[in-house]
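The values are calculated or read from the model by the stated rules, or taken from the named source; none is laboratory data. Predicted, not measured: the structure shown is a model, and the values here were computed from it. Here the Cβ positions follow ideal geometry from the backbone for every residue, glycine too, while neighbour counts run over all protein chains shown.
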Amino acid sequence: DIGKTNAKVAVVDLASEREVGVLTRPNTVLAGPPYPHFDIEGLWSFICRALGELHREHTIDALSVTAHGASGVLLAEGGDLAAPVIDYEFAGPDTLAQDYDAIRPDFAETGSPRLGMGLNVGAQLYWQFKSDPDLAARAHTFLTYPQYWSYRLSGVKANEVTSLGCHTDLWNPHENRFSSLVERLGLSGKMAPVQPANACLGGVLPEVAEVTGLPLSTPVYCGLHDSNASLFPHLLKGEASFSVVSTGTWVIALAIGGKSVSLNPSRDTLVNVNAFGDPVPSARFMGGREFDRLMHQAEPSCTDSEAEAVIRRQIMLFPAVESQSGPFQGQAARWTIDEAELRGGERFAAVSFYLALVTSEMLAMIGARGPVVVEGPFTRNPQFLKMLEAATGRPVTTSKASATGTSIGAALLASGAGKDRHQGQHVSATGKAPGPELETYAHLWRKGISST
């Protein structure tokens, strides 16, 4: 599970749908040359060591992969990297934004909003090809990022729709095919075959078996984008209308069976693609990154009285802290008080409320209906959960099985799970209806953002 901030290897017991063993490491970005890029070999060494250790302790029967979006890999003819895997937060592609905009497909074709830095994979590729004129000739195959790791494990090259559909500009989700940009970038014939997320690519490579102790017959599954991994277990339940909020560095809201709405790409809404290939209205912001910036390493907790003081004094934070993405791009964050006046856990409560209210706005923008299921680290934040329920007016639950969500979804690809077997394990996030004071706070916050 390669997240933007941390990478982990987790062993999932499919009978209980619980993580029973986890090892993690930071996902380090190397400064260059030739540009900021992911430490691919460092990650690979970690994966192999972790697989060996966890296999000795638990006995691993199958492998599945999930990873963050906005990344792809160019392979040379022999299978090695044709170029380092660019960090999507590198601003280099912005220097060619005008030229790239002239060739990228419309939102109507891709459901992909125009984003800064390298958040559109097409923009990364365009910049890389222009900056390194020999790269186009060296590049033999393009892989989406989770499938690169499946390739390192199995030797089989594949692409997959959940990662192609994550604002790459490379996929047409309405027609389930590559977008017109693939040809414009000269990548026709270089895209690895598209495989279903739950396709078994084969057993592990001999060199993987040697360093990990895994049997050669250990199956490797194609894998999927991390937010869609969080969504996958809920799709298997077959509910008519619900939404999933996947939290981490990014907070991503995905609506299933929602109201028909017109998505606004300038507010970072997009059309994701789920593991079954269906378009999913989505919205996102860097909620985890904002939380880290705002907390200044303060204790991530508060007392009831501190949370009540924030509500009573109407201490509010308005967006946006990370203003290059999300529904409030270009806006400057502001507090209703001098930030230095925050005492003890008041900072945690106010920041948690802010994150929940931005999340509520995203859910409204994508037409979400029915219960809201929260996945990931924010499941451990009761102030976030209470305010999200108050602001949406809908039940908020959390997944009981995993604090991260993504690993369970990725593991279920290997289970043969269908709608007739998966029961899901949700628990109420709050246990009681939100009080009117929280609803009033949410109403006043919305009035505040509408007046800016």
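What number goes with the only condition from (1) assigned to a strand (DSSP E or B); (2) buried (at least 24 other Cβ atoms within 10 Å of the Cβ); (3) not charged (D, E, K, R) that Ala356 does not pass?
Every condition holds for Ala356 apart from (1).
Kindly indicate which of Pro173, Pro219 is under 26 Å from Val372 (Cα atoms) and not β-branched (Val, Ile, Thr).
Pro173
Kindly evaluate Glu389 against the criterion of being touching a residue at least 12 places away in the same chain (Cβ under 8 Å), of a type in the set (D, E, K, R) and within 18 Å of Gly448 (Cα to Cα).
no
Quick check on my filter: what residues within region 4-52 are surrounded by 21 or more Cβ atoms within 10 Å (Cβ to Cβ) and modelled with pLDDT under 95?
Within region 4-52, Lys4, Glu17 qualify.
Residues to consider are Leu235, Leu214, Leu185; find the one that is outside the structural domain of Val121 (by TED's automatic domain parsing), touching a residue at least 24 places away in the same chain (Cβ under 8 Å) and among the aliphatic types (A, V, I, L, M).
The conditions single out Leu235.
Out of region 97-156, which residues are in contact with a Lys or Arg (Cβ under 8 Å, 6 or more places away or on another chain), more than 18 Å from Ser266 (Cβ to Cβ) and among the aliphatic types (A, V, I, L, M)?
Once the filter is applied, which keeps residues that are in contact with a Lys or Arg (Cβ under 8 Å, 6 or more places away or on another chain), more than 18 Å from Ser266 (Cβ to Cβ) and among the aliphatic types (A, V, I, L, M), region 97-156 yields Ile103, Ala139, Leu143.
Given Glu341, Glu322, which one is surrounded by 15 or more Cβ atoms within 10 Å (Cβ to Cβ) and either of a type in the set (A, V, I, L, M) or out of contact with any Cys (no Cβ under 7 Å at 6 or more places or on another chain) (or both)?
Glu322 is the lone residue from the list that is surrounded by 15 or more Cβ atoms within 10 Å (Cβ to Cβ) and either of a type in the set (A, V, I, L, M) or out of contact with any Cys (no Cβ under 7 Å at 6 or more places or on another chain) (or both).
For region 110-126, enumerate the residues that are aliphatic (A, V, I, L, M) and closer than 10 Å to Thr168 by Cβ.
Those that are aliphatic (A, V, I, L, M) and closer than 10 Å to Thr168 by Cβ: Leu119, Val121, Ala123, Leu125.
Quick grid of which residues meet (1) in contact (Cβ under 8 Å) with a residue 40 or more places away in the chain; (2) assigned to a strand (DSSP E or B); (3) under 24 Å from Gly213 (Cβ atoms); (4) touching an Asp or Glu at 6+ places or on another chain (Cβ under 6 Å):
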site: Lys4; (1), (2), (3), (4): yes, no, no, no
site: Ala7; (1), (2), (3), (4): yes, yes, yes, no
site: Val12; (1), (2), (3), (4): yes, yes, yes, yes
site: Ala15; (1), (2), (3), (4): no, no, yes, no
site: Val20; (1), (2), (3), (4): no, yes, yes, yes
site: Arg25; (1), (2), (3), (4): no, yes, yes, no
site: Tyr35; (1), (2), (3), (4): yes, no, no, no
site: Leu43; (1), (2), (3), (4): yes, no, yes, no
site: Ile47; (1), (2), (3), (4): yes, no, yes, no
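Of the residues Glu341, Glu322, which is within 29 Å of Leu115 (Cβ to Cβ) and either assigned by TED's automatic domain parsing to the domain that holds Trp445 or modelled with pLDDT under 95 (or both)?
Sole residue among the options that is within 29 Å of Leu115 (Cβ to Cβ) and either assigned by TED's automatic domain parsing to the domain that holds Trp445 or modelled with pLDDT under 95 (or both): Glu322.
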